[in-house]
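What follows is one structure encoded as structure tokens, with my remarks underneath.
The values are calculated or read from the model by the stated rules, or taken from the named source; none is laboratory data. All values reported here derive from a predicted model rather than from experimental measurement. Here the Cβ positions follow ideal geometry from the backbone for every residue, glycine too, while neighbour counts run over all protein chains shown.
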Amino acid sequence: MTNAPIAMRMGQIKELAQKTGSEIIPADATSEEDLNNLISKSMEILGGKLDFVLHSIGMSINVRKGRHYTDQNYEFTDKGWDVSALSFHKVLQGLYKADAMNPWGSIVALTYMAAQRVFPDYNDMADNKAYLESIARSFGYFFGKEKQVRVNTISQSPTPTTAGQGVKGFDGFINYADKMSPLGNATAQDCADYTVSLFSDLTKKVTMQNLYHDGGFSNMGVSQEVMEKFSE
Ligand SMILES: NC(=O)c1ccc[n+]([C@@H]2O[C@H](COP(=O)([O-])OP(=O)(O)OC[C@H]3O[C@@H](n4cnc5c(N)ncnc54)[C@H](O)[C@@H]3O)[C@@H](O)[C@H]2O)c1
């Protein structure tokens, strides 16, 4: 289990590690040195190669500082892209070069549908997610061919987390998605369950996919409930 060293003091990673009997290895996902250390220490602790890896990292400084999409500070944009998108390539390249994955292992990153459709307040994260999803396809080819390892992204419903709540108008946004989705929004627990299924041997031939986990939202035009709101 890992997070940026600076983020360790916030959040509840220590409690989670205790509950799950996991060790924590701090790593800044923009640092190749930290990532290589994370990979080698993980293999040491777990006693061999890895079966699965989850990339669950995202952060936009433009969003945090209230910079509009049409008025980005490009230093913020660069940093956000490095943290949210390029870090996935760095993780994959580190694992690939260290030959750290077991054959038929699985690598997953979390993403959002703003990579395909416009959600104005998602800001530069939309572009970062498009880049992240492309990396899953491009690296997925090499990981599949050379290592029999699959690489996918899960495109999750809006979920009330630290990053989620940072998006302007999040409450309206999450309620809208819920009303549009025939199965309702997928929760964080649902996302964990789906991720475990992608780590299992039951999904061995699924790779290079962006998989929507959103209660059906991505294929909707309009729902009865949303139409009723506009007929009031
Ligand atoms: N919350 C949502 O609505 C939603 C929807 C779809 C996808 N996602 C994605 O799910 C993933 C997890 O986000 P979350 O919603 O749990 O928010 P979160 O803010 O709880 O998680 C983001 C994590 O990234 C870590 N991080 C930031 N910079 C880092 C760095 N340099 N090195 C290592 N770690 C770093 C943060 O410390 C934090 O733990 C993200 O990729 C996010 O985009 C979230």
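Residues satisfying the criterion are present in the stretch 16-32 (criterion: at positive phi and either modelled with pLDDT under 95 or surrounded by fewer than 17 Cβ atoms within 10 Å (Cβ to Cβ) (or both)).
Would you confirm, using the coordinates I've provided, whether residue 80 is away from the ligand (no atom under 16 Å from the Cβ), in contact (Cβ under 8 Å) with a residue 12 or more places away in the chain and either assigned to a helix (DSSP H, G or I) or surrounded by fewer than 20 Cβ atoms within 10 Å (Cβ to Cβ) (or both)? Judged against the criteria, residue 80 is not a match. Taking the stretch 40-61 as the range and being among the aliphatic types (A, V, I, L, M), away from the ligand (no atom under 14 Å from the Cβ) and part of a helix (DSSP H, G or I) as the test, the residues that pass are 43, 45, 46.
Can you go through 193, 171, 178 and tell me which one is crowded, with 16+ Cβ neighbours inside 10 Å and in a helix (DSSP H, G or I)? The conditions single out 178. Here are some residues: 120, 103. Which one is farther than 19 Å from residue 154 by Cα, in contact with a Lys or Arg (Cβ under 7 Å, 6 or more places away or on another chain) and not β-branched (Val, Ile, Thr)? After applying the criteria, what remains is 103.
Here residue 68 meets the list (1) closer than 20 Å to residue 40 by Cα; (2) in contact (Cβ under 8 Å) with a residue 12 or more places away in the chain almost entirely, failing just condition (1).
Of all the criteria given as (1) within 11 Å of the ligand (Cβ to nearest atom); (2) more than 29 Å from residue 49 (Cβ to Cβ); (3) of a type outside the set (Gly, Ala, Ser); (4) touching a helix residue (DSSP H, G or I) at 6+ places or on another chain (Cβ under 7 Å), the one not satisfied by residue 153 is (2). Consider the stretch 9-23 and keep the residues that are outside any helix (DSSP H, G or I) and more than 19 Å from the chain's Cα centre (by Cα). The one that is farthest from the ligand (Cβ to nearest atom) is 21. The residues in the stretch 93-126 that are in a helix (DSSP H, G or I), buried (at least 23 other Cβ atoms within 10 Å of the Cβ) and within 15 Å of the ligand (Cβ to nearest atom) can be counted, and the count is 2.
So, residue 73, is that one touching a residue at least 24 places away in the same chain (Cβ under 8 Å), away from the ligand (no atom under 13 Å from the Cβ) and either farther than 23 Å from residue 134 by Cα or of a type in the set (S, T, N, Q) (or both) or not? In short, no.
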